[in-house]
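K.L.:
Following this message is one structure expressed as structure tokens.
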Amino acid sequence: MPGSVRPRPSSPTADKAPAPKKSRNDATTNLHESINQPSSQQIHAYREGYNQATPYKYAAIEGLLSDDLLEAVVEESWTYGIRGGEGSHPGWGWEQKETDIYSIQQTPDLSSLDPAHLPDETLEALPMTTRLKNALYSQEFRNLVREVTGCGPLSGKKTDLSAGLYTAGSHLLLHDDSISTRLISYILYLPNSPLDAPKADIDLTKSASGNFLKGWDPKWGGSLELFPVENGEEVGPPGTKRVAKVDVKWGQIVFFEVQPGRSYHSVEEVIIDEGRQRMGVSGWFHRPTKGEEGYEPLDREKLKAELSSLAQITAAPSIPFTPYTAEPPAGLKPSDLSFLADFIAPSYLTVPTLEKLSGQFAEASEIVLHNFLKPSLAAQLKSETQNVDKRDYPNNLIPSQDLGEGDGWIIQGPASKHRYLNITGSSSSTPIFQSIRQVLFTSEAFRAWLSVVSSLAPLGYRAEGRRFRKGLDYTLANGEDGKGEARLDVSLGATWWADVPSGSDEEETLVDHGGWECYLAAPDEGEDPAVYQSSHAKKLAKLEAEEHKGVRPVESVAPNQQKAEDHEPHPVEAATATGTGNHHSNHYHKPHPVEAATADKDTNGSNPDGPSISINGTELEFDPDQFSPSDFDSDSEMGDDDDGPLLTQPVSFNKLLLVLRDPGVMKFTKYLSARAEGSRWDVSGEWEIGVMEEEGAEEEAMA
């Protein structure tokens, strides 16, 4: 989970007297001295490079801003502190922010560096940061950006930028920056290391003051990754692999035009610690506002049409449900139990356990089953996945983006929604994993088992065998429409390095490097969609809501809000029970757990691998501020009435998670850090479901 801002290691100059404070006038006077104006020949070369860049036009230029100013900003940043913490400036400071898409430390928007927003005490302490903001949005610098990019007029009134601090574990996943009136995106790099940091493999330059080292080694991560549009189209979903990478360099500024459905980019995870900081200032130049040169009123109808078209073009095709051809099962047959005994621990196939599970699930709508697979199969699964990871990860660097492809595995995209390996064919290296996905999860016997435990009627399924590669993979928040149907989520954790004792200190540390699964209520339609993935459909909904003079939140309920009385278990010891169903109404008779000799192999309670059931998942120390209502809005604060995640589940091994997910509830799998011990493995699926009825209920209703 997110950590706080790391204290900067001391340096040989730490005891020096502080430099004299600059006056606030220094932030606004002689701004041309902060900009190194390039020659016309240089501008021509920059423009040529910009126009020829791929996968879309961008420029990466060094030396446009005064080194004295940039060094002064870095040293001034050491005084920021943690916002609201002891020693920080009032209304200012670093904040740890974490959502499904990023983990970063960030300041409030630099547009707040104004007497209307911050006290004089804070403004007096931040003259260099203010000066940098003013220089970036000066007419001189905006003209330079226009000359290089060929874009139209840029607003000097609407400033939109913040300082960001990427330290070990920080990352920003793929998005296209398409929000509001953004026209040009930029990032100014200020990477630095303390003087007493270990010697790097590259030459770092000492600052003019001698207080820190400037520069960055690309192998430390943090590079800007640029992604193409899938299939080479002009706009559409992004590909799963980057085609260009811009390494971090001191004083370099990178900028590109914001193009919805095209300007896809991400920031590689930073994997170095040692007090090194990938500091930067990033933001956007916006279209002119009313009263500025080049202002054009927003054509809302045209924008709606464009967003609607983009939403269709960039939509990720979902894996279709595979419908069952037979009627929902009335219970577990002896043949089902015999089949399942090859996979599932015996204790989960006995009548007492099945009845207990059914009651627990009916009460909470979620349940975790420990030691789900039979011991011999679990041991084989652990061995094969561990061997694959040891083969593929020779070091702790960020791996190649094509790692793991082949041998039955493909990369599942688009990267704007998710990225992971999915097993779709025969695999010589992971046959046990393949068998669980392709044999167990798709079987009628497993369908019957799910029906007994959940008291629901599984009608169809879509399942995947997933491998989340460390330093690469994730899913972003997604879910069914708020007016859709409930789903039964089923996930078997198969992460070998998560095979630790339940309740141990080792289990508590499993969340440290991501890979945890999270359920949360959908954001309001008026919230920044970048928090829960960049979505053109969300933007369209927001625009339409604004036209109706209000924003209506998507209706959603937590998984544990289902009424318990709707799911009362109905155990009947009869193998011959049958029921009739109506697929159109999705109402079916409840299944009955049955007692069979093939399942009752261990009923004396002595099985050391017997069930250990936890309700409501595994509780984590989860900061509700991680899911801020607005993406980069540092001023938003969570009140007492705001809810955090509905359910979180860390990486696991041999644990089956069942969750009844109501319409509108979203879920994601957090990006897996390169610092994790290995990949995150799971077999995961969701089931279309019908509601089971008590026998005789239909007759009573019709009487």
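K.L.:
Restricted to the stretch 413-454, and to residues that are hydroxyl-bearing (Ser, Thr, Tyr) and buried (at least 20 other Cβ atoms within 10 Å of the Cβ), which residue is nearest to the chain's Cα centre (by Cα)?
P.N.:
So the residue we want is SER416.
K.L.:
OK, next. Can you name every residue in the stretch 72-97 that is touching a strand residue (DSSP E or B) at 6+ places or on another chain (Cβ under 8 Å) and charged (D, E, K, R)?
P.N.:
Passing the criteria: ARG83, GLU95, LYS97.
K.L.:
Picking from THR181, THR149, THR167, THR205, which residue would you name as being in contact with a helix residue (DSSP H, G or I) (Cβ under 7 Å, 6 or more places away or on another chain) and either farther than 23 Å from TYR46 by Cα or β-branched (Val, Ile, Thr) (or both)?
P.N.:
THR149
K.L.:
Which of the residues belonging to the stretch 455-471 are open to solvent by less than 20 Å² (accessible area, probe 1.4 Å) and aliphatic (A, V, I, L, M)?
P.N.:
LEU456, ALA457, ALA463
K.L.:
Sticking with this structure for a sec: Looking at (1) over 21 Å from the mean Cα position of the chain (by Cα); (2) among the acidic types (Asp, Glu); (3) at pLDDT 95 or above, which is the one condition that is false for ASP682?
P.N.:
(1)
K.L.:
Name the pairs: first residue in the stretch 658-680 and outside the structural domain of GLY221 (by the TED database) and assigned to a loop (DSSP other than H, G, I, E, B), second residue among the aromatic types (Phe, Trp, Tyr) and open to solvent by less than 10 Å² (accessible area, probe 1.4 Å), Cβ to Cβ under 8 Å, at least 6 apart or on different chains?
P.N.:
Listed by first residue and then by second, the contacts come to LYS670/TYR474; LYS670/TRP516; TYR671/TYR474; LEU672/PHE468; LEU672/TYR474; SER679/PHE468.
K.L.:
Read through the list (1) closer than 22 Å to PRO650 by Cα; (2) open to solvent by less than 10 Å² (accessible area, probe 1.4 Å); (3) not hydrophobic (A, V, I, L, M, F, W, C), then give the number of the only condition that PRO375 fails.
P.N.:
Condition (2) is where PRO375 drops out.
K.L.:
Right, something else. Can you name the residue in the stretch 239-256 that is touching an Asp or Glu at 6+ places or on another chain (Cβ under 7 Å), part of a loop (DSSP other than H, G, I, E, B) and open to solvent by less than 30 Å² (accessible area, probe 1.4 Å) and, of all such residues, is modelled with the lowest pLDDT?
P.N.:
GLY239
K.L.:
While we're looking at this one, here's another question. Here's a check for you: in the stretch 134-154, which residue that is part of a helix (DSSP H, G or I), touching a residue at least 24 places away in the same chain (Cβ under 8 Å) and open to solvent by 30 Å² or more (accessible area, probe 1.4 Å) is nearest to ILE35 (Cα to Cα)?
P.N.:
GLU140
K.L.:
Can you tell me which of ALA341, ALA364, ALA379 is within 26 Å of LEU660 (Cβ to Cβ) and of a type in the set (A, V, I, L, M, F, W, C)?
P.N.:
None of the other options fit; the residue is ALA364.
K.L.:
Additional query: Can you tell me which residue is surrounded by the most Cβ atoms within 10 Å (Cβ to Cβ) among those in the stretch 207-238 that are modelled with pLDDT of 95 or more, among the small types (Gly, Ala, Ser) and assigned to a loop (DSSP other than H, G, I, E, B)?
P.N.:
Once the filter is applied, the top-ranked residue is GLY222.
K.L.:
Can I ask one more? So for the stretch 292-306 (the condition being modelled with pLDDT of 90 or more and open to solvent by less than 80 Å² (accessible area, probe 1.4 Å)), does at least one residue qualify?
P.N.:
Within the stretch 292-306, one or more residues are modelled with pLDDT of 90 or more and open to solvent by less than 80 Å² (accessible area, probe 1.4 Å).
K.L.:
Moving to a separate point now. Report, by residue number, each residue of the stretch 654-686 that is of a type in the set (Gly, Ala, Ser) and farther than 18 Å from ILE319 by Cα.
P.N.:
Passing the criteria: GLY664, SER673, ALA674, ALA676, GLY678, SER679.
K.L.:
Something else about it: Just to verify a result, which residue in the stretch 94-133, among those that are within 24 Å of LYS158 (Cβ to Cβ) and small (Gly, Ala, Ser), is surrounded by the most Cβ atoms within 10 Å (Cβ to Cβ)?
P.N.:
SER112
K.L.:
If you don't mind, there's one more thing I want to ask. Go through the stretch 472-492 and give me each residue that's open to solvent by less than 10 Å² (accessible area, probe 1.4 Å) and either farther than 25 Å from LEU172 by Cα or assigned to a loop (DSSP other than H, G, I, E, B) (or both).
P.N.:
Correct list: LEU472, ASP473, LEU476, ALA477, LEU488, ASP489, VAL490, LEU492.
K.L.:
May I pose another question? For LYS390, indicate whether it is part of a helix (DSSP H, G or I), out of contact with any Phe, Trp or Tyr (no Cβ under 6 Å at 6 or more places or on another chain) and more than 30 Å from TYR348 (Cβ to Cβ).
P.N.:
Yes: the conditions hold for LYS390.
K.L.:
For the subset of the stretch 70-106 comprising residues that are in contact with a helix residue (DSSP H, G or I) (Cβ under 6 Å, 6 or more places away or on another chain) and in a loop (DSSP other than H, G, I, E, B), which member is farthest from GLU269 (Cα to Cα)?
P.N.:
PRO90
K.L.:
Somewhere in the stretch 155-174, is a residue open to solvent by less than 30 Å² (accessible area, probe 1.4 Å), aromatic (Phe, Trp, Tyr), in contact (Cβ under 8 Å) with a residue 60 or more places away in the chain and not in a strand (DSSP E or B)?
P.N.:
No, there is no match, as no residue in the stretch 155-174 is open to solvent by less than 30 Å² (accessible area, probe 1.4 Å), aromatic (Phe, Trp, Tyr), in contact (Cβ under 8 Å) with a residue 60 or more places away in the chain and not in a strand (DSSP E or B).
K.L.:
Next up: Just checking, how many residues over the stretch 324-360 are out of contact with any Pro (no Cβ under 9 Å at 6 or more places or on another chain) and open to solvent by less than 30 Å² (accessible area, probe 1.4 Å)?
P.N.:
Going through the stretch 324-360 one residue at a time, the tally reaches 6.
K.L.:
How do the pairs read when you match residues in the stretch 336-354 that are outside any helix (DSSP H, G or I) with residues anywhere that are open to solvent by less than 10 Å² (accessible area, probe 1.4 Å) and modelled with pLDDT of 95 or more, using Cβ under 6 Å and keeping only pairs 6 or more apart or on different chains?
P.N.:
As it stands, the answer is PHE343/LEU440, since those pairs meet every condition given.
K.L.:
Say we look at the stretch 361-372 and pick out the residues that are out of contact with any Ser or Thr (no Cβ under 8 Å at 6 or more places or on another chain) and assigned to a loop (DSSP other than H, G, I, E, B); which of these is surrounded by the most Cβ atoms within 10 Å (Cβ to Cβ)?
P.N.:
The residue in question is SER365.
K.L.:
Somewhere in the stretch 45-54, is a residue over 25 Å from ASN211 (Cα atoms), part of a loop (DSSP other than H, G, I, E, B), modelled with pLDDT of 95 or more and in contact with a helix residue (DSSP H, G or I) (Cβ under 9 Å, 6 or more places away or on another chain)?
P.N.:
no
The values are calculated or read from the model by the stated rules, or taken from the named source; none is laboratory data. From a predicted model like this one, the values you see are computed outputs, not experimental measurements. All Cβ positions, glycine included, derive from the backbone under ideal geometry; neighbour counts span all protein chains shown. Surface accessibility is based on the protein's heavy atoms, side chains included, excluding ligands, DNA and RNA. Shrake-Rupley method; radii C 1.70, N 1.55, O 1.52, S 1.80 Å.
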